[in-house]
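Peer 1: Below you will find the structure I want to go over with you.
The values are calculated or read from the model by the stated rules, or taken from the named source; none is laboratory data. The structure presented is a predicted model; accordingly, all values stated were derived computationally and were not measured. Here Cβ is always computed from backbone atoms with ideal geometry, including for glycine, and neighbour counts include all displayed protein chains.
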Amino acid sequence: MLFCSRPCELKSARPVGRARRVGRARRVGRALSSVSVAGVSKSFGPHRVLSEVDLSVEPGEFLVLLGRSGSGKSTLLRVIAGLERIEAGSVELDGVLVSGGPTHVPTEARNLGMVFQDGALFPHLTVARNVGFGLPRPERKGGPRVEEMLDLVGMAGLGERMPHELSGGQRQRVALARALAPRPSVMLLDEPFANLDFELRLGLRREVRRLLGESGVSVILVTHDRNEALALGDRIAVLEESRITQCDTPSDLYRHPRTRWAAHVLGEAAFVSPSNQPLPLLRSWCAELAAVRQPLEDSTMVIRPEDLTLVGSGFVGSGFVDSLGESRYLRETEAEPKEGLLGATVVRTEYQGGSHLLWCRCPELGDEGPEFVVRVFGSCPGVGETVRLALNV
């Protein structure tokens, strides 16, 4: 579904944002809009969905809202769009109040484009007329902009088809093209790639990222896909239990999460607290990690798969490719001294094509201890096999 209209009278109080993005937008003659959410709360009956949420989006920035189902990310997007009224707080577009108190600027006056997950189309209009719906009247039946958008989403030559003649993925691509066509000041995307096959999803999101970046449009994307968030976002805002718990660049969020959920949502991790850790080796690991990264708010350290090297019976290391291009392991006789190695048992494996992920537990810590995750290339030990883990910092 698309909501887009002619720009309303929103005037910026002062220029903000990165110079690179501002300059790019000026070159293409675009007006800039920023988004500011301050203290926004929203409930559905007794259920609080958003609790005093604060968020700012720079002009031209690509911001990702990441969280589990029910975290409030889609509701926040709908609040910014004007599809939901708020109970407290405010929403501003380019410094002008659009939601808050008695003020509620309707969606069609906010100069934005929006694509929902279901990508609803007008069933009585052709593909081309759907794409051209938000364009000036002479261009609605077709023209260069419509053709450009259809080509972008891989639908060239299908402009005369009707929505019922398309697959679910094709309908979503048309919805995305329709939202992009009028060049909105703000784009709101609610998992627009979810219904696409893997290869098309990867290719389309790269092309859309490039196109939106060059246009200078501000973008807010909702997703539960961590890889999508890392690949697309200038910043990622993590939602947890109706609040934004952290908003940071992808690399800073991955390496320096503040909460367990923020750490977990971006990748596999083991959590080790030095304060109640019975094993001196793990306390030593925590000290080494604390020298290069921040612990969580409760002083717990996050250990990622890339932080560990696996040492098993007859091989050592997380695997590497030798000069002949063959994956292999070092024999124990070639290994470093065995000091500082943690004994563990493989409890689960997951094949991922060119590598395996292994989940390992330390018998001394029992079932309540952390599961360490390590990535192994080539052949790997099986479930139940004893291995040793070394910290690789």
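Peer 1: Please state which one of 43, 34, 71 is over 30 Å from residue 164 (Cβ atoms) and modelled with pLDDT of 95 or more.
Peer 2: Going through 43, 34, 71 in turn, the sole match is 43.
So that you can scan it fast, the table gives a plain yes or no per residue for (1) of a type in the set (D, E, K, R); (2) assigned to a helix (DSSP H, G or I); (3) at pLDDT 95 or above:
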{"residue": "345", "(1), (2), (3)": "no, no, no"}
{"residue": "359", "(1), (2), (3)": "no, no, yes"}
{"residue": "379", "(1), (2), (3)": "no, no, no"}
{"residue": "384", "(1), (2), (3)": "no, no, no"}
{"residue": "388", "(1), (2), (3)": "yes, no, no"}
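Peer 1: Filtering region 50-78 down to residues that are among the aliphatic types (A, V, I, L, M) and surrounded by fewer than 23 Cβ atoms within 10 Å (Cβ to Cβ), which residue is farthest from residue 227 (Cα to Cα)?
Peer 2: Applying the filter and picking the extreme gives 55.
Peer 1: I need every pair where a residue in region 215-237 that is over 18 Å from residue 57 (Cβ atoms) has its Cβ under 7 Å from the Cβ of a residue that is part of a loop (DSSP other than H, G, I, E, B) and among the charged types (D, E, K, R), sequence separation at least 6 or different chains.
Peer 2: Matching pairs, first to second residue: 224/68.
Peer 1: If you take just the helices (runs of 4 or more DSSP H) that sit entirely in region 236-292, which of them hold at least 1 residues that are of a type in the set (S, T, N, Q), at pLDDT 90 or above and under 19 Å from residue 343 (Cα atoms)?
Peer 2: 280-290
Peer 1: Please indicate, with yes or no, whether at least one residue in region 269-278 is touching a Pro at 6+ places or on another chain (Cβ under 8 Å) and surrounded by fewer than 19 Cβ atoms within 10 Å (Cβ to Cβ).
Peer 2: yes
Peer 1: Taking interchain pairs and intrachain pairs at least six residues apart, which have beta carbon atoms under 6 angstrom, with the first residue in region 295-321 and under 12 Å from residue 274 (Cα atoms) and part of a strand (DSSP E or B) and the second among the hydrophobic types (A, V, I, L, M, F, W, C) and at pLDDT 55 or above?
Peer 2: 301/272; 301/286; 301/289; 302/263; 302/269
Peer 1: Another one. Within the bounds of region 363-370, is there any residue that is at pLDDT below 90, part of a loop (DSSP other than H, G, I, E, B) and of a type in the set (A, V, I, L, M)?
Peer 2: Within region 363-370, not a single residue is at pLDDT below 90, part of a loop (DSSP other than H, G, I, E, B) and of a type in the set (A, V, I, L, M).
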